[in-house]
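Since the structure comes first, as structure tokens, the remarks are kept for the end.
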Amino acid sequence: MSVTARKSLAVTVGVLIVGVLIGVYVAFLTNGPTPYRVPVASAATASAPGSVDLTLETVGSVGPSLSPNPTWVSYLVRENGVFHRSTVWTLPANTLVHVTLYNFDSKTGLRNPFLAQARGLVGGTFGIDGKPTTVMNPDDASHTFAIPQMGVIVPIEGVSSSAKNTCGFAPCPMSTAHTTTTFTFRTGKAGHYRWQCFVPCAAGFFYGFGGPMQTIGYMDGYINVV
Amino acid sequence: MLSSHGRKLAALTVIGTAIVLPLMVFVLGPNMPPGKDTQVAKGQVFDNTVLLVVMTPFTVFILVYLIYALWAFRAPKGETELIDGPPIRGHGPSQIAWLATTTISVLFLAVFGSTELLANNGAGGGGGPNPVAKPSGAVLPIQVIGQQWEFTYRYPTYGGVETAQLVIPEGQEIAFHVTSLDVIHSFWAYELGVKADANPGVDNVAYVKADHPQTFQVRCAELCGLWHGYMFDTGLVVTPAAFASWIAARKSQFAPVSKYLPPYSTTYAPDPQHRG
């Protein structure tokens, strides 16, 4: 083998090794220090033909048992009767999803009051502690549940500042102060949809939009519609 | 006088440019982004074509020189010692040609770019709160509000109603007032040829007039956080009658929340600024 051929072979092998190393890094080492669980197929339980139930919880502090960032605000999802910290869910396509959301967090207020009116819901209304409505006072919002690609947005009312029995961190007993929001939306065709909270609710971060607002697994996630 | 190599390189560059330039002007140029849906977009296609024309001879020269050098200056077979040619110093014609070519090119691009920035009422770019180039007739103001991670739109002419979708009437000069509630975003209505930064506390105005009904993509063009890649939606250009019907429907739909909206303003300093 000539010198040129040997050099060419060495360069080719070197490029291949570097390519494989980059591929391994991207595939296995870029998930970050806080892994999230994927997916939660059983989070949605069938309630009637053509519909499923999805039960969620929002907490002001997720607590040490559920996160390495115990002070971060977070969504939780109920799976097999237990609330987990997971924000990547699988839902069936073209199906009604009945959502019940228990919020144990206080009021923050919406940065854009326009988001105080619900959109994209079946029936056009959502329930706050059993009372149907289409809009709420933006100052009373604690969080939102929004799937922008589906046109779905629901404001979540916060716990009153005068409430006595508030929850310090998750898991929050149902005996502690909370609000209950109910609504129904319909999933469309199969796809990969992001969902997020629009309230700047990340305490201690610049403008409230750091940490849990910028990290999948807390106030943002994906819905895999299959 | 040019050396033998110089003459060959010059000839090959001229021939290559003569072949490639018509392809750039008549084949690639008309297909340059962002398309031909508005005068602003057409102007940008023209600008991109002119840039292609300017860069073509330079690109051809570089490629010709590279290929020529690999062929003409290769080591003779069996030659193992690397032998460099004599250094070129103080070659007046080469220096003058280089200075003249680059100076003319840069000055042309500066004048051309400055002129084109003012064409079509600002070329679809944000001109700040008081743009230098403005349309002469009546304009319909529409506010574009960026927030992590969605654009919403307010129509001050129609009671300040806010919507989640951008719909504009055809044949009407539009003034987009672009701002942000949090970080820096960039409002990019691709097919319309409009791109304007959305800065908090700033009213950035961009003009456009859509000629015919169509859909167009709206994207954020400034890396703005976790869901930047998902910050997009689809806008519509509709007939004036359809627009009147649509805006009336939105006023009715969003009447419940309209009472909570702040009075229309070119910028907003919303609460809460922070939590905790």
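Relative contact order for chain A: 22 percent, from Cα pairs under 8 Å spaced at least 6 residues apart, divided by residue count.
Placing unit charges on each Cβ (+1 for Lys and Arg, -1 for Asp and Glu) gives chain B a dipole about its Cα centre, and among B:L82, B:L261, B:L12 the Cα reaching farthest toward its positive end belongs to B:L12. Taken over chain B, lysine pairs spaced eight or more positions apart, or on distinct chains, with alpha carbons under 20 Å apart number 9. About its Cα centre, segment A:70-150 has a charge dipole of approximately 100 debye under the convention of +1 per Lys or Arg Cβ and -1 per Asp or Glu Cβ, with nothing else charged. Between A:H84 and B:L223, the C-beta separation translates, for a Förster distance of 30 Å, into a calculated FRET efficiency of about 0.45. Straightening the chain between A:D139 and A:A27 buys 36.0 nm, computed as 0.36 nm per residue apart minus the Cα-Cα spacing.
Using a cutoff of 8 angstrom between alpha carbon atoms and counting only pairs six or more residues apart, the relative contact order for segment A:165-226 works out to 32 percent. Of the residues A:V152, A:F169, A:Q214, the one whose Cα sits farthest towards the positive end of the charge dipole of chain A is A:Q214 (charges of +1 on Lys and Arg Cβ, -1 on Asp and Glu Cβ, taken about the Cα centre).
Residues of segment B:40-68 falling in the label zone of B:I15, defined by backbone nitrogen less than 16 Å from a point 7 Å along Cα to beta-carbon, are B:60-68.
Oblate is the label for segment A:166-226, because the ratio a/c of its alpha-carbon gyration tensor axes (a ≥ b ≥ c) is 1.5 or higher and a/b is not greater than b/c. Rounded to the nearest 20, the size of the Cβ-charge dipole of chain A about its Cα centre is 660 debye, with Lys and Arg at +1 and Asp and Glu at -1. Name the shape class, rounded, prolate or oblate, that the alpha-carbon gyration tensor gives for chain B, where a ≥ b ≥ c are the square roots of its eigenvalues, rounded holds for a/c under 1.5, and otherwise prolate holds if a/b is larger than b/c and oblate otherwise. It is prolate, given that a/c is not under 1.5 and a/b is the larger ratio. The fraction of Cα-Cα pairs per 10 angstrom bin, counted from 0 for segment B:140-271, comes to 13, 46, 35, 5 percent, rounded to whole percents. Only helices enter this figure: runs of n ≥ 4 DSSP H residues, each worth -39500 (n - 2.57), summed and divided by the residues of chain B, yield -12500 deg cm²/dmol at 222 nm to the nearest 500. The shape of segment A:31-225 comes out rounded: with a ≥ b ≥ c from the C-alpha gyration tensor, a/c is under 1.5.
Sorted ascending by nearby beta carbons within 10 Å, beginning with the fewest, B:H228, B:H5 become B:H5, B:H228.
Here the relative contact order of segment B:140-271, from alpha carbon pairs under 8 Å that lie six or more residues apart, stands at 27 percent.
The charge dipole of the protein assembly as shown, taken about its Cα centre with unit charges on the Cβ atoms of Lys, Arg (+1), Asp and Glu (-1) only, comes to about 760 debye. Relative to the longest principal axis of the Cα atoms of chain A, the long axis of helix A:3-28 makes an angle of roughly 10 degrees.
Which percent, to the nearest 5, of DSSP beta bridges fully inside the protein assembly as shown are antiparallel? So the antiparallel bridges in the protein assembly as shown amount to around 70 percent. Could you give the longest part of chain B that holds none of the trypsin sites (Lys or Arg not before Pro) found in DSSP loops with at most 11 neighbouring Cβ atoms within 10 Å? It works out to B:90-258.
Throughout, read-outs are computed from the coordinates displayed, never taken from laboratory work. Source: prediction; values computed, not measured. We place every Cβ from the backbone using ideal geometry, glycine too, and count neighbours over all the protein chains shown.
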